[in-house]
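> Take a look at this one; I'll ask things after.
The values are calculated or read from the model by the stated rules, or taken from the named source; none is laboratory data. No experiment lies behind these values; they were computed from the predicted model shown. For neighbour counting, all protein chains shown are included, and Cβ atoms are generated from backbone atoms with ideal geometry for every residue, glycine included.
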Amino acid sequence: MELIKNEKLEHSQHELQFKIDHDTFEAACSRAYIRERGKLNVPGFRRGKAPRPIIEKMYGKGFFYEDALNDILPATYEDALKESGISPVSQPEFDIVSIEDDGVTIKAVVYVTPDVKIEGYRGIEASKTKVVVTDDEVEHEIGHVREHNAREIDVTDRPAEMGDTANINYEGFCDGVAFDGGKGENHDLKLGSGSFIPGFEEQVAGHSVGDEFDVNVTFPEKYHSEELAGKAAVFKCKINAIKHDELPELDDEFAKDVSDFDTLAEYREDMKKKIAERKEKAADAEVEEQLIDYLVEHIDADIPAPMFDAEAENIVRDYDMRLRSQGLDLATYMKYTGQTLDTMREQVRPSAERQVKTRLALAEIAKLENIEVTDEQVEDEYKRMSESYNMEVDKLKEIVAKADVESDLRLKAAVDLVKSAAVVTEKEPEAHDDEHHDHDHDEHHEE
């Protein structure tokens with residue numbers, strides 16, 4: 001192979017022209033002849049016995065050229081890429097320039113990583129939410145831990161109350177006729193959860209174990225079953241049992257049971273610290289998002305579409321892997337959601353474009369700032385990854401190339417540089433930035 005042209009074109013395209021010598025091409029034609037001769041009928045010869053010159057005289061001199069080129073083109077193209085030094089981001093478009101006595105000249109046009117301009121990445125203005133942890137937030141977090149450690153006790157000396165779990169039998173009727181899906185036995189219903197249609201749970205409250213009673217409700221106008229939407233219904237119910245979650249006392253013993261601390265005061269202080277760390281991490285991520293927004297908006301590059309296409313495919317593939325880790329797969333997901341690969345690619349396209357622009361901008365910053373990565377940093381990263389993936393370092397090195405690790409480290413260093421050079425002002429947290437919210441439950445009846 002001889003590289004005879006290595007030229008940059010417009011719109012992030014690049015043209016290579018390379019020559020395959022006569023002997024290499026002729027050998028490929030001979031191999032093609034041997035493969036194909038058994039498929040041809042040539043008068044006067046048994047199948048597979050016709051000489052190559054006879055076949056070429058009958059079908060044309062270039063009869064075996066296409067098969068021969070398909071045979072040798074991948075390897076010669078790879079050799080041309082190595083010699084050219086370019087890194088394509090798309091499949092090549094091949095054209096035959098000439099076929100002469102001394103060989104074949106091929107033209108390959110590919111898209112390559114574009115030239116990038118990024119300015120103003122030092123001193124980007126951003127705002128960071130001030131980290132404030134209130135006593136209410138601490139108590140809310142501790143409340144979750146208390147609920148998780150609650151003891152369920154049977155209630156026999158009083159009627160059911162909101163917050164209790166009532167084990168019930170029920171059967172629903174519309175106009176005196178039982179409807180499908182309206183019957184259940186030994187169903188545990190958390191009163192106040194909103195898991196049954198509006199008004200149902202409130203009417204169960206006030207009744208005791210063994211009580212049989214009617215619950216009168218009206219299905220919502222927008223209900224998943226059109227036959228029941230907006231209709232009045234009567235549920236004949238019976239309470240089999242009532243249970244109540246008894247929360248542990250909020251004292252030093254509780255702190256000892258759920259943490260490594262001896263006192264409730266120490267546990268509260270540690271909880272406050274953990275909430276602050278979580279908020280600090282979220283605030284830092286918010287700043288980084290603003291900085292990335294700037295880079296994406298200010299990058300100047302003629303980015304070829306195949307780069308966005310490839311990144312969209314990567315996102316879809318990663319999603320498929322996450323689904324498989326949960327016992328599903330992409331085909332099943334699409335079946336139940338009614339989506340197709342094309343609609344999924346369209347949905348992730350904005351994210352793909354953002355990720356490509358971010359990487360290109362950071363790579364250019366790393367280049368402008370002469371960011372280098374040492375072998376020691378690479379080894380440390382391999383160790384970190386091995387701990388994260390619970391995989392031996394040597395095995396990891398077989399899967400993840402050193403060049404990829406170096407590239408990722410350069411990009412991380414570029415992000416750190418942009419963050420350290422940013423002009424960040426502090427802002428007060430907004431009311432809706434609180435750690436917890438009260439969530440409304442869906443209004444539906446479990447069938």
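> Listed residues ALA363, ALA421, ALA414; which is closer than 17 Å to GLU119 by Cα, touching a residue at least 24 places away in the same chain (Cβ under 8 Å) and touching a Gly at 6+ places or on another chain (Cβ under 8 Å)?
ALA421 is the lone residue from the list that is closer than 17 Å to GLU119 by Cα, touching a residue at least 24 places away in the same chain (Cβ under 8 Å) and touching a Gly at 6+ places or on another chain (Cβ under 8 Å).
> With surrounded by fewer than 16 Cβ atoms within 10 Å (Cβ to Cβ) and farther than 27 Å from LYS427 by Cβ as the only criterion, which of ASP284, ASP329, ASP293 stands out?
Going through ASP284, ASP329, ASP293 in turn, just one is surrounded by fewer than 16 Cβ atoms within 10 Å (Cβ to Cβ) and farther than 27 Å from LYS427 by Cβ: ASP329.
> Listed residues GLU56, GLU36, GLU10; which is assigned to a loop (DSSP other than H, G, I, E, B), charged (D, E, K, R) and either closer than 30 Å to ALA301 by Cα or free of Cβ contacts under 8 Å to residues at least 60 places away in the same chain (or both)? I'd like the intermediate steps shown before the answer.
Numbers: GLU56 fails: assigned to a loop (DSSP other than H, G, I, E, B); GLU36 fails: assigned to a loop (DSSP other than H, G, I, E, B).
Selected residue: GLU10, the only one of GLU56, GLU36, GLU10 that is assigned to a loop (DSSP other than H, G, I, E, B), charged (D, E, K, R) and either closer than 30 Å to ALA301 by Cα or free of Cβ contacts under 8 Å to residues at least 60 places away in the same chain (or both).
For every residue, the table says whether it meets (1) among the basic types (Lys, Arg); (2) modelled with pLDDT of 90 or more.
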| residue | (1), (2) |
| --- | --- |
| ASN370 | no, yes |
| LYS383 | yes, yes |
| SER388 | no, no |
| MET391 | no, no |
| LEU396 | no, no |
| VAL400 | no, no |
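> I would also like to ask the following. Of the residues that make up the stretch 287-297, is at least one outside the structural domain of VAL155 (by TED's automatic domain parsing) and in contact with a Gly (Cβ under 9 Å, 6 or more places away or on another chain)?
Looking for residues that are outside the structural domain of VAL155 (by TED's automatic domain parsing) and in contact with a Gly (Cβ under 9 Å, 6 or more places away or on another chain), one finds at least one in the stretch 287-297, hence yes.
> Right, another one. Only one of SER208, SER225 is over 42 Å from the mean Cα position of the chain (by Cα) and in a loop (DSSP other than H, G, I, E, B); which?
SER208
> Another one. Regarding VAL97, is this residue in contact (Cβ under 8 Å) with a residue 40 or more places away in the chain and surrounded by 12 or more Cβ atoms within 10 Å (Cβ to Cβ)?
yes
> Looking at GLU277, is it in a helix (DSSP H, G or I), surrounded by 13 or more Cβ atoms within 10 Å (Cβ to Cβ) and not small (Gly, Ala, Ser)?
Numbers: in a helix (DSSP H, G or I): yes; surrounded by 13 or more Cβ atoms within 10 Å (Cβ to Cβ): no; not small (Gly, Ala, Ser): yes.
Considered against the rule, which asks whether it is in a helix (DSSP H, G or I), surrounded by 13 or more Cβ atoms within 10 Å (Cβ to Cβ) and not small (Gly, Ala, Ser), GLU277 comes out as no.
> When the residues of the stretch 89-110 are filtered to those that are over 21 Å from PRO304 (Cβ atoms) and not in a strand (DSSP E or B), which remaining residue is modelled with the highest pLDDT?
Step by step, filter the stretch 89-110, then rank; the result is ASP102.
> Any chance you could count how many residues in the stretch 14-59 are surrounded by 13 or more Cβ atoms within 10 Å (Cβ to Cβ), of a type in the set (Gly, Ala, Ser) and in contact with a Gly (Cβ under 9 Å, 6 or more places away or on another chain)?
So the count comes out to 1.
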